[in-house]
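Report on the structure given below.
The values are calculated or read from the model by the stated rules, or taken from the named source; none is laboratory data. Keep in mind the model is a prediction, meaning the values are calculated, not measured. Because the Cβ atoms are built from the backbone with ideal geometry, glycine has one as well, and the counts that use them run over all protein chains shown.
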Amino acid sequence: MRRLPHLSLTAALACAAVTGVSAQAQTQTQTPAPAQPSALTESYDDWTVRCATQGAAADKASEAAKGKPGAGARECSLSQTQANGNGQRVLLMELRPAEDGRLRGNLILPFGLALQKGATFAVDDLPAGKPAPFRTCLPVGCVVSLLFTDAITQSLRSGTKLIVKAQASDPEAEVPFSISLKGFDAALQRTIALASPK
């Protein structure tokens, strides 16, 4: 008869232990998965892929109604920056895949160019689209808005260099810029994959 309290205590401890293990297991299963990084940068030869996630505090429905990415929307781009021997930036090209299969973006070129002449493009010396006008000049340089069709995009993916030509303002002479396409195809594929909704 004296062993009954001991058995009851043992049973109670065993029950408490089982309950504790069960609660611990439940707690472990409820632990959320680690959040995706809010920013990402990867290099593909001469091109860089960057992604950033919009702030989670914004209202998705409101932003979508305005035609803007909502909270948690990931924006990705591929870019190439070139600098001279002094480390001063000469050009920056940044592109984003559009839903229609085209590429949109901006090209920033240095000052001292004839803005009214715009810029022309060629992939491996084959013309690529119409001349593009300069949109504005900022402290970082003069901006050309880019819109590449699917056909031009395919040329970029298989080409070796993109030649951009502009005119110097004084004296008026052609100023060529050569943009390497090494790694462009891999960078574009990665950008599309990262930007796609999961």
Looking at region 144-158, can you tell me whether even one residue there is of a type outside the set (Gly, Ala, Ser), assigned to a strand (DSSP E or B), over 21 Å from the mean Cα position of the chain (by Cα) and farther than 28 Å from Gly87 by Cβ? no
If Arg104 satisfies every condition in (1) charged (D, E, K, R); (2) over 17 Å from the mean Cα position of the chain (by Cα); (3) under 28 Å from Ser38 (Cβ atoms) but one, which is the exception? (2)
Which is loosely packed, with under 13 Cβ neighbours inside 10 Å, assigned by TED's automatic domain parsing to the domain that holds Ser43 and in contact with a strand residue (DSSP E or B) (Cβ under 9 Å, 6 or more places away or on another chain), of Asp125, Asp170? Asp125
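Search region 71-86 for residues being among the small types (Gly, Ala, Ser) and farther than 21 Å from Tyr44 by Cα, and hand back the single one that is surrounded by the fewest Cβ atoms within 10 Å (Cβ to Cβ).
Here is the first cut: in region 71-86, the ones among the small types (Gly, Ala, Ser) are 71-73, 77, 79, 83, 85.
Cutting the leftovers down to farther than 21 Å from Tyr44 by Cα gives us 71-73, 85.
Details: Ala71: 16, Gly72: 14, Ala73: 17, Gly85: 5.
Among them, the one singled out is Gly85.
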Selection from region 128-143 of residues part of a strand (DSSP E or B) and either surrounded by fewer than 17 Cβ atoms within 10 Å (Cβ to Cβ) or in contact with a Phe, Trp or Tyr (Cβ under 9 Å, 6 or more places away or on another chain) (or both) yields Ala132, Arg135, Thr136, Cys137, Leu138, Gly141, Cys142, Val143
Which residues, taken from region 173-192, are free of Cβ contacts under 8 Å to residues at least 12 places away in the same chain and either small (Gly, Ala, Ser) or loosely packed, with under 14 Cβ neighbours inside 10 Å (or both)? Ala173, Glu174
For region 83-122, which positions are in a strand (DSSP E or B) and farther than 18 Å from Ser145 by Cα? Ala83, Arg89
Pick from Leu107, Leu181, Leu103: which is closer than 17 Å to Trp47 by Cα, assigned by TED's automatic domain parsing to the domain that holds Leu78 and touching a Phe, Trp or Tyr at 6+ places or on another chain (Cβ under 6 Å)? Leu103
Report the residue count in region 148-172 for those that are in contact (Cβ under 8 Å) with a residue 24 or more places away in the chain and under 28 Å from Gln116 (Cβ atoms). 17
